[in-house]
Amino acid sequence: QVQLVESGGVLVQAGGSLRLSCAASGNSFSVNLMGWYRQSPGKQREMLAIIISDSGTNYADPVKGRFTISRDNRKNTVYLQMNSLKPEDTAIYYCTLLALGRSYWGQGTQVTVSS
């Protein structure tokens, strides 16, 4: 069974930066994709950034140029560096992993951006 644990969510002022981490643990497997989503109250969960094995990265338009996804394979950890944060970035941020046709999700970490 795969477990994902996010960390790094805090209260930050608009214009600030934050780095989220997501550590994966469990059985050895071939990871096809890791990524970050977020969900605000009353809104659907939206994809922010994904990193695909051997294929690079992809970003949603609202975060292009501000957020950067990266992965440390030795630590089985994926990161989301967030810069120039805005109040509308306030949400619960979730990490996801796709392996062998199954998707896994973390419990989420709250990011709050004050104006």
To the nearest 0.05, what FRET efficiency results for Q110 and S84 with a Förster distance of 22 Å applied to their C-beta separation? 0.70
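Going through the stretch 2-71, which chymotrypsin sites (Phe, Trp or Tyr not before Pro) have at most 13 other Cβ atoms within 10 Å and a DSSP loop state?
Here the sparse-neighbourhood loop sites are F29.
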Could you tell me the ratio Rg/Rh of the chain? Both radii from Cα atoms, Rh via Kirkwood. 0.96
With a cut-off of 8 Å between alpha carbons and a minimum separation of six or more residues, what is the relative contact order of the chain in percent? 37 percent
Carbon/sulfur accessible area of the stretch 35-115, % of total, 1.4 Å probe, equals 46 percent
GNM on the chain, C-alpha springs below 10 Å: top fluctuator among Q81, Q13, Q44? Q44
Mean shadow area (nm²) of the C-alpha convex hull around the stretch 61-115 is 4.9 nm²
Okay, which of the stretch 80-97 sit inside 19 Å, backbone N to the point 7 Å along the Cα-Cβ direction of A23? 80-81, 93-97
Please compute the per residue accessible area over the stretch 1-75 with all protein chains in place, 1.4 Å probe, rounded to a whole number of Å². 60 Å²
Can you tell me which of G16, G65, G42 moves the most in a GNM of the chain? Springs connect C-alpha atoms under 10 Å apart. G42
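The values are calculated or read from the model by the stated rules, or taken from the named source; none is laboratory data. Note that the coordinates shown come from a computational prediction; the quantities given were computed from them, not determined experimentally. Heads up, the Cβs are rebuilt from the backbone with ideal geometry, glycines too, and the neighbour counts pull from every protein chain shown. Only protein heavy atoms, including side chains, enter the accessible area calculation; ligands, DNA and RNA are left aside. Shrake-Rupley method; radii C 1.70, N 1.55, O 1.52, S 1.80 Å.
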